[in-house]
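S.K.: The following block contains the structure, expressed as structure tokens.
The values are calculated or read from the model by the stated rules, or taken from the named source; none is laboratory data. Since the model is a prediction, treat every value here as computed from it, not as a measurement. Here the Cβ positions follow ideal geometry from the backbone for every residue, glycine too, while neighbour counts run over all protein chains shown.
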Amino acid sequence: MNDLANSTMTQNSPPVRIDFNTPELQRKRKMRAFKDRLTRWYVLVGGLAVLAAITLIFFYLAYVVLPLFQGAELTSKKALEPTWLQQDAGKPLMIALEEQNLVGMRVSDKGQALFFDTKTGAELKRVELPVPAGTQVTSIGSDQPGSPLIVLGLSNGQAMVFNHTYKVTYPDNQKTITPGIDFPYGQAPFALDPQGRALEHVSVNVNGETLTVAGSHGSQLLVSQLTREENMMTGEVTSEQKTIDLPQMTEPVKAIFIDPRQQWLYVINGRAQADVFSLRDKSLNGRYKLLDDGQSEITASAQLVGGISLIFGDSKGGLSQWFMARDPDGEQRFKLIRSFQMGAAPVVQIDAEERRKGFIALDSAGQLGVFHSTAHRTLLVEPAAEGAGILALSPRANRIIIEEGGKLLPLSLKNPHPEVSWSALWSKVWYENYDEPKYVWQSTASNTDFEPKLSLSPLTFGTLKAAFYAMILAAPLAIAAAIYTAYFMAPGMRRKVKPVIELMEAMPTVILGFFAGLFLAPYLEGHLPGVFSLFLLMPIGILVAGFGWSRLPESLRLRVPDGWEAAILIPVILFTGWAALSMSPFLETWFFGGDMRLWISNDLGITYDQRNALVVGIAMGFAVIPNIYSIAEDAVFSVPRSLTLGSLALGATPWQTLTRVVILTASPGIFSALMIGMGRAVGETMIVLMATGNTPVMEMNLFEGMRTLAANVAVEMPESEVGGSHYRVLFLAALVLLMFTFVMNTLAELIRQRLRKKYSSL
């Protein structure tokens, strides 16, 4: 009765209410909402900050690189009308400027060298050259650009050689430049033509203690060499002059140039013909036709700095570069390298820069053109004068003076990066002293007439080559290990193996590069047969071990817990590796005559460098494996267990489930792992820096080294001049690397999204 009454009372009693709106719960909800908002904004701001940082890096690199592709700027200044020019100053034969652009020199047909202030035009000094009485100056010539040596051809068949000098002093802490004339071979002219005929064209070159002077009268060619020797005991200097007899010309001479090594003599004659003589063999190398149309003629010519290349201007405004290069038969020939077009008027004068492979040209209409030979770049064509005149380019190539119509026209030239163009960066370029166009990176040299070789193609090729060989090793091992660890391995063993592999990523790359360069490279060189047999025997050994394991009695196989079978392969791998490397000396003796490296070089004709792509592939592959493995293993392990069990329940074998369900579902993550590993390999610096030899060659040869974009920036950036062309090209290399990574990651994300969408229905 009592129980029934109590039950009735319980059923009729009002329900107990729980208050979820207490002040304490309200505070908790507010705090939770605050944390959610804070986390959301924190993640949003952090993501935007990362995007902003990457964008700023991109724009900063572009900001540094952009000036490389800008043209030249020419600024005209107020014309000067010096009093000495209004007087009878004679016909100008040459104008030159000194280093600081403060003093200019004018040589006239009166045998005077007049120095003037380039800012005001005022006369500073006038030097009467010791021209013999009754003799006139008929021609003038100079050594290669950058040399102060000048030669005057006289009407009596003699030649006079002198230097123009500029002494800098600081009296009372004020800079003073004192110009002067120096006669290193004596003031007395020496005879070039024994018949005493006027020298219509002259040229000069000095190489060590040998001075070579060439002149012409009509079609008659005259060449003489003056050799000076100093007695080390007495200090007495003796001179010996000898004449070089060369085959004579059939056409009137227009210009003469001497190779700086005094190997070749270039004689421009006729309408458009160049005869090249060998000064060593005293023979004619060949007669070369400079123009093909039969109507144009050569109207101007000049040597580029270094004296190897000649620039010719014609009567139709064309310009062309020529230099000596070997034919396939090994013979040296005078070859057309590249052409430019300035306008339609005849080119009247060409003046080369003294420190770069650039030059300027002036035509009869007064147009001035600025060009660069190596980059094959026309930087500027603008009117600079009213007609033809005579011009001078300063040693720093930033100031031009034109004498025209009794005035001096000063011009300011801004041309900081002429040696960079799209073709010079990415196409084959025919460099001086090369027999054919090539991809070359060589940014510096010891001499001032060096031709910069700034091709990014071998660096980009080296970057992809290093990444390719690293991925060949890393991708199969990392992906296979990730699949086995996540799908087949026992959980207990997986908890031990995965952290060990991921711990490999903590190894500093500088240590890996140091190990690869100092130990791995010489070890591989001495054990090449063992290394290659290891690549062959290791998979065979694993397959044999697996086959043998499958043939063991079931009672023995069941003693090993499910998923721990991989531990049995450890001794197999160690034994196979030891056996392969131990057999290396015997294999080398049996098959390769005791030295496989010599066999590769001599018998196969393949270049072998100790620090090569094989070393980089092994070392960088070791560094990339943890990245690929970790991401791919997580992707495979994250495949829902229900998919695997469902496939097995429907009768599929474990391998069928793996290949048709698990890998397809995990394919977006596996693909991402490969792309991240590829990006890691592309951007690697220290390993390729220390293990490749840093040779910028475009060879896919496994036994040759390479130079990558990242390693090149790391090596050369500390030595580059801030703001210079080399400096900006290195930033361009960094920009190329950034854009390559960006494009690759973008494509990887697009492909990953498509894979995820395609296999999301599994």
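S.K.: Inspect all residues belonging to the range 694-709 and state whether any of them is under 22 Å from residue 420 (Cβ atoms), at pLDDT 90 or above and outside any loop (DSSP other than H, G, I, E, B).
M.R.: yes
S.K.: Continuing with the same structure: Filter the strands (runs of 3 or more DSSP E) completely within the range 171-226 down to those with at least 1 residues that are charged (D, E, K, R), under 42 Å from the mean Cα position of the chain (by Cα) and modelled with pLDDT of 90 or more. Let's see the steps before the verdict.
M.R.: On the way: elements: 176-182, 201-207, 210-217.
Those strands (runs of 3 or more DSSP E) span 176-182.
S.K.: Checking residue 307 against (1) at pLDDT below 95; (2) touching a Gly at 6+ places or on another chain (Cβ under 7 Å), only one condition comes out false. Which one?
M.R.: With respect to (1) at pLDDT below 95; (2) touching a Gly at 6+ places or on another chain (Cβ under 7 Å), residue 307 is out only on (2).
S.K.: Just one of the numbered conditions (1) in contact (Cβ under 8 Å) with a residue 24 or more places away in the chain; (2) of a type in the set (Lys, Arg); (3) in contact with a Lys or Arg (Cβ under 7 Å, 6 or more places away or on another chain) is not true of residue 399; which one?
M.R.: Checking residue 399 against (1) in contact (Cβ under 8 Å) with a residue 24 or more places away in the chain; (2) of a type in the set (Lys, Arg); (3) in contact with a Lys or Arg (Cβ under 7 Å, 6 or more places away or on another chain), the one that fails is (3).
S.K.: Consider residue 316 carefully, then state whether it is part of a strand (DSSP E or B) and either buried (at least 19 other Cβ atoms within 10 Å of the Cβ) or not small (Gly, Ala, Ser) (or both).
M.R.: Judged against the criteria, residue 316 is not a match.
S.K.: Looking only at the range 722-744, decide whether some residue is among the hydroxyl-bearing types (Ser, Thr, Tyr), part of a helix (DSSP H, G or I), surrounded by fewer than 20 Cβ atoms within 10 Å (Cβ to Cβ) and in contact with a helix residue (DSSP H, G or I) (Cβ under 9 Å, 6 or more places away or on another chain). Steps first, answer last, please.
M.R.: Narrowing the range 722-744 to residues among the hydroxyl-bearing types (Ser, Thr, Tyr): 725, 727, 741.
From the residues that got through so far, the ones that are part of a helix (DSSP H, G or I) too are 725, 727, 741.
Narrowing the set further to residues that are surrounded by fewer than 20 Cβ atoms within 10 Å (Cβ to Cβ) leaves 727, 741.
Filter once more, so that each one left must be in contact with a helix residue (DSSP H, G or I) (Cβ under 9 Å, 6 or more places away or on another chain): 727, 741.
Yes, because at least one residue in the range 722-744 is among the hydroxyl-bearing types (Ser, Thr, Tyr), part of a helix (DSSP H, G or I), surrounded by fewer than 20 Cβ atoms within 10 Å (Cβ to Cβ) and in contact with a helix residue (DSSP H, G or I) (Cβ under 9 Å, 6 or more places away or on another chain).
S.K.: Among the candidates 493, 507, single out the residue that is modelled with pLDDT under 90, under 45 Å from the mean Cα position of the chain (by Cα) and not small (Gly, Ala, Ser).
M.R.: Numbers: 493 fails: under 45 Å from the mean Cα position of the chain (by Cα).
From the options 493, 507, the qualifying one is 507.
S.K.: Can you name the residue in the range 247-281 that is small (Gly, Ala, Ser) and not in a loop (DSSP other than H, G, I, E, B) and, of all such residues, is farthest from residue 226 (Cα to Cα)? I'd like the intermediate steps shown before the answer.
M.R.: In the first step, residues of the range 247-281 are kept if they are small (Gly, Ala, Ser); the result is 255, 270, 272, 274, 278.
The next check asks that each one be not in a loop (DSSP other than H, G, I, E, B); those that pass are 255, 274, 278.
Working: 255: 21, 274: 25, 278: 18 Å.
By that ranking, first place goes to 274.
S.K.: Continuing with this model, one more query. With the structure loaded, tell me whether residue 473 is in a helix (DSSP H, G or I), closer than 30 Å to residue 647 by Cα and at pLDDT 90 or above or whether it fails that test. Show your work before the answer.
M.R.: Working: in a helix (DSSP H, G or I): yes; closer than 30 Å to residue 647 by Cα: no; at pLDDT 90 or above: yes.
So residue 473 does not fit the description; no.
Condition check ((1) in contact with a strand residue (DSSP E or B) (Cβ under 7 Å, 6 or more places away or on another chain); (2) at pLDDT 85 or above; (3) β-branched (Val, Ile, Thr)) across all residues:
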| residue | (1), (2), (3) |
| --- | --- |
| 538 | no, yes, no |
| 559 | no, no, no |
| 567 | no, no, no |
| 573 | no, yes, yes |
| 578 | no, yes, no |
| 588 | no, yes, no |
| 592 | no, yes, no |
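S.K.: Can you give me the number of residues within the range 379-426 that are part of a strand (DSSP E or B) and surrounded by 17 or more Cβ atoms within 10 Å (Cβ to Cβ)? I'd like the intermediate steps shown before the answer.
M.R.: Filtering the range 379-426 for residues part of a strand (DSSP E or B) gives 379-383, 390-393, 399-404, 407-414.
In the following step, the residues that additionally are surrounded by 17 or more Cβ atoms within 10 Å (Cβ to Cβ) were identified as 379-381, 390-393, 399-404, 407-411, 413.
Residues meeting the conditions: 19.
S.K.: Conditions first: (1) of a type outside the set (Lys, Arg); (2) touching a strand residue (DSSP E or B) at 6+ places or on another chain (Cβ under 7 Å); (3) surrounded by fewer than 19 Cβ atoms within 10 Å (Cβ to Cβ). Residue 330 passes all but one, so which condition is the exception?
M.R.: With respect to (1) of a type outside the set (Lys, Arg); (2) touching a strand residue (DSSP E or B) at 6+ places or on another chain (Cβ under 7 Å); (3) surrounded by fewer than 19 Cβ atoms within 10 Å (Cβ to Cβ), residue 330 is out only on (2).
S.K.: Continuing with this model, one more query. If the Cβ limit is 7 Å and pairs must be 6+ apart or interchain, which residue in the range 653-667 that is closer than 18 Å to residue 638 by Cβ pairs with which residue that is small (Gly, Ala, Ser) and assigned to a helix (DSSP H, G or I)?
M.R.: Partner pairs satisfying both residue conditions: 657/647; 661/647; 666/635.
S.K.: Got a sec? Which of 275, 259 is surrounded by 20 or more Cβ atoms within 10 Å (Cβ to Cβ), in contact (Cβ under 8 Å) with a residue 12 or more places away in the chain and touching a Lys or Arg at 6+ places or on another chain (Cβ under 8 Å)? If you could, list the steps in order and put the result at the bottom.
M.R.: Working: 259 fails: touching a Lys or Arg at 6+ places or on another chain (Cβ under 8 Å).
Of the residues listed, the single one that is surrounded by 20 or more Cβ atoms within 10 Å (Cβ to Cβ), in contact (Cβ under 8 Å) with a residue 12 or more places away in the chain and touching a Lys or Arg at 6+ places or on another chain (Cβ under 8 Å) is 275.
S.K.: Do you know which residues across the range 77-90 are surrounded by fewer than 18 Cβ atoms within 10 Å (Cβ to Cβ) and in contact with a strand residue (DSSP E or B) (Cβ under 6 Å, 6 or more places away or on another chain)? Before the answer, list the steps.
M.R.: Restricting attention to the range 77-90, the residues satisfying the condition of being surrounded by fewer than 18 Cβ atoms within 10 Å (Cβ to Cβ) are 77-79, 81, 83-84, 86-88, 90.
Correct list: 77, 79, 81, 84, 90.
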